[in-house]
Amino acid sequence: MGDSEMQCFGAAAIYLRKPERERIAAQTAPFDAKSAFFVVEPKEMYLKGVLQSREGGKATVKTLCGQTITVKEDDIHPMNPPKYDKIEDMAMMTHLNEATVLYNLKERYAAWMIYTYSGLFCVTVNPYKWLPVYDQSVVTAYRGKKRIEAPPHIFSISDNAYQHMLTDRENQSILITGESGAGKTVNTKRVIQYFATIAVAGGKKEQAAAAASGKIKGSLEDQIIAANPLLEAYGNAKTVRNDNSSRFGKFIRIHFGTTGKLASADIETYLLEKSRVTFQLSAERSYHIFYQLMTGHQPQLLDALLITTNPYDYPMLSQGEITVKSICDVDEFIATDEAIDILGFTADEKLGIFKLTGSVMHHGAMKFKQKQREEQAEPDGTEVADKISYLMGLNSADLLKALCYPRVKVGNEMVTKGQTVPQVGNSVMALCKSVYEKMFLWMVVRINEMLDTKQARQFFIGVLDIAGFEIFDYNSLEQLCINFTNEKLQQFFNHHMFVLEQEEYKKEGIEWEFIDFGMDLAACIELIEKPMGIFSILEEECMFPKASDTTFKTKLNEQHLGKTAAFQKPKPTKGKEAGKEAHFALVHYAGIVEYSITGWLDKNKDPLNDSVVQLYQKSTVKLLAYLYVTLAADEAASKKGGAKKKGGSFQTVSALFRENLGKLMTNLRSTHPHFVRCLIPNESKTPGLMENFLVIHQLRCNGVLEGIRICRKGFPSRIQYGDFKQR
């Protein structure tokens, strides 16, 4: 594609492909393949250099910045000729190694070319600034072009998925993964923008019908985008790495009619991190909505929710930071407030949403003390309970009684059970997390009702925006769930890419030793999900009343330590705070992660105080009663079809998570997948700067290097016989 063909991209062209001049210059640049090498260097990871000598298993390289380095022979890697500089598909490079991949991405990024292919992947680096590569002219330029006919771009992936859907009559999926802050959600929005632009739904009749049915005026894209501020207020928070991190995964399905016109959409969410409501690390913040309400932008809401504008009045919401530099809580609150109206929630529902959110905030301030001479909790003042009861439509005395003296079923009779102060504390936290999560899931149901146009659907393209691998200093059950999800997605990718690849060899009669690359990940996956694996032991322990963190840890070690290669002892660490030490390490494909099992049994059982739930069911706040009566009944009914729950109405967090993940994988397996990997280039949000170690770590984690490794085992170059003969 020469400069003339790039004209259709307008001003965006320079951000998409290097100009003809530069390409011609690169092809004639002098290059000595025998001496051009990358050398390993502790500060920069790899540097370009010229080989000076090679003997006795050592190599000496003079780097371009003038220092001379001698390393083991394995620590130098050949460079590609200049004609491969800034190549658009890295799988085409002659020498494929960590250094060549890193520098190709680095040099493209420095020229603001943020999208690059790597075999089946599209890799994208967060530019931390606005680039003019998403406007209408760019959409038009990618329309109907094959992947090889245009520069790499999220629109190219989208258009190819759309064409595949129409020609193969098959559902498609686009899997967008990456670390917190890498730009997953932004790229998800771009995919939706693309479909909304090229597949505009029906004519005037349909629009008139939609207007009559009281649906949102405007396009499906507007509706999906209107849902965003609400989902982000309740589902996004500041993490160590990212100011606006989605703490839930979402699979947005965009449905099309037989002719490829937009029909409707729906959103499925996964794994909302509800523990964040009651706990944050020091550099983090809880969900944005709490701080939006505390701005006092609508003073009448402060009175209605009995809250102040000081987050430190709410111990549960001020364990970390209370403001976020890059976010204006007032602006965000206005957007959330408008979104609730646009999405068609009634005034009554809206007040219900805010009241329940306010009540969650108050839960952290409830105090209990131990009764003299007995192991029994009693209220330490009733002021906070009165506020909660007012907001939740309950009777305050009943609420406190149910918390301190819950009634439980023993055999056939109901007995009153005493509670200690820590037990009541756990119970209060579990209840407010439950209210928050149920409300979030109910909002998603309501958004889906709004997005459903009742038009005939034939196919869908699903866009998966889900957290990438997480390796923190302190990894708990949430991280295990997220990392396990990624392990499964990587296995899905390996299987898809290489089974397809190898079946083609078989079809063409090429002699080939079949390799099952999905097996590379099997050890870790089986360790987590198989009978007597980590989840299975965790769920079993949850059924024993006397089980504790210690018994759980012992069982894990007895079962797996020394018997399963993927299960290891954590490295001994000095200076870790008490309660933060790791108990076991897992060998994930992305690296070894150490997990701490403190509190996992409680987290997993997540038991709710039944006496309080019964009060919720009779609440005078319609929304609360609905969440615990109708929604709970719907959930139970849909579960009846599924597996029977052990021990009455008791489903653990991990069992529910596995069920959801199973559904997601089944969904994905029924589609033709496309893969997008987002990279975060540096920790300081600096446009154009790439930190080598950070990027290599992600390339190892997200399977790009894994993909390249496997590409190399196959036949990297393929060409139709006719074309080959002509050459």
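The values are calculated or read from the model by the stated rules, or taken from the named source; none is laboratory data. Computed from a predicted model, the values in this text were never measured in an experiment. With ideal geometry, Cβ positions are generated from the backbone for all residues, glycine too; neighbour counts draw on all protein chains shown.
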Quick check on segment 50-89: of everything there that is surrounded by fewer than 15 Cβ atoms within 10 Å (Cβ to Cβ) and of a type in the set (Asp, Glu), which residue is nearest to Pro152 (Cα to Cα)?
Asp74
Condition check: modelled with pLDDT of 85 or more, crowded, with 20+ Cβ neighbours inside 10 Å and within 21 Å of Glu478 (Cβ to Cβ). Does Ser596 satisfy that?
yes
If you go through segment 354-376 one residue at a time, do you hit one that is in contact (Cβ under 8 Å) with a residue 60 or more places away in the chain, more than 20 Å from Leu623 (Cβ to Cβ) and not in a helix (DSSP H, G or I)?
yes
So, restricting to helices (runs of 4 or more DSSP H) that lie completely within segment 523-635, which ones have at least 1 residues that are basic (Lys, Arg) and in contact (Cβ under 8 Å) with a residue 60 or more places away in the chain?
600-605, 622-628
For segment 409-429, how many residues are aliphatic (A, V, I, L, M), crowded, with 19+ Cβ neighbours inside 10 Å and under 15 Å from Gln370 (Cβ atoms)?
1
Between residues in segment 475-503 that are farther than 13 Å from Val593 by Cα and of a type in the set (A, V, I, L, M) and residues that are assigned to a helix (DSSP H, G or I) and at pLDDT below 90, which pairs lie under 7 Å by C-beta distance while being six or more apart or on different chains?
Met497/Gly707
Regarding segment 337-356, can at least one residue be identified that is surrounded by 15 or more Cβ atoms within 10 Å (Cβ to Cβ) and of a type in the set (S, T, N, Q)?
no
Any residue that is touching a His at 6+ places or on another chain (Cβ under 8 Å) and either under 30 Å from Lys685 (Cβ atoms) or in contact (Cβ under 8 Å) with a residue 40 or more places away in the chain (or both) - is there at least one of those in segment 384-403?
yes
Confirm whether Ser427 is modelled with pLDDT under 95, within 18 Å of Gln280 (Cβ to Cβ) and polar (S, T, N, Q).
no
Among the residues of segment 223-245, which ones are over 18 Å from Tyr436 (Cα atoms) and free of Cβ contacts under 8 Å to residues at least 60 places away in the same chain?
Ile225, Thr239
Restricting attention to segment 314-345, report how many residues are in a loop (DSSP other than H, G, I, E, B) and in contact with a helix residue (DSSP H, G or I) (Cβ under 9 Å, 6 or more places away or on another chain).
9
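So which residues in segment 375-391 are among the β-branched types (Val, Ile, Thr) and crowded, with 21+ Cβ neighbours inside 10 Å, if there are any at all?
Residue satisfying the conditions is Ile388 alone.
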Considering residues that are over 24 Å from Leu624 (Cβ atoms) and aliphatic (A, V, I, L, M), the number found within segment 378-413 is 1
Tally of residues being among the basic types (Lys, Arg) and under 17 Å from the mean Cα position of the chain (by Cα) across segment 266-290
2
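Let's see how each residue does on (1) outside any strand (DSSP E or B); (2) under 22 Å from Asp602 (Cβ atoms); (3) not basic (Lys, Arg):
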{"residue": "Gly381", "(1), (2), (3)": "yes, no, yes"}
{"residue": "Leu403", "(1), (2), (3)": "yes, yes, yes"}
{"residue": "Val408", "(1), (2), (3)": "no, yes, yes"}
{"residue": "Tyr436", "(1), (2), (3)": "yes, yes, yes"}
{"residue": "Phe440", "(1), (2), (3)": "yes, yes, yes"}
{"residue": "Met443", "(1), (2), (3)": "yes, no, yes"}
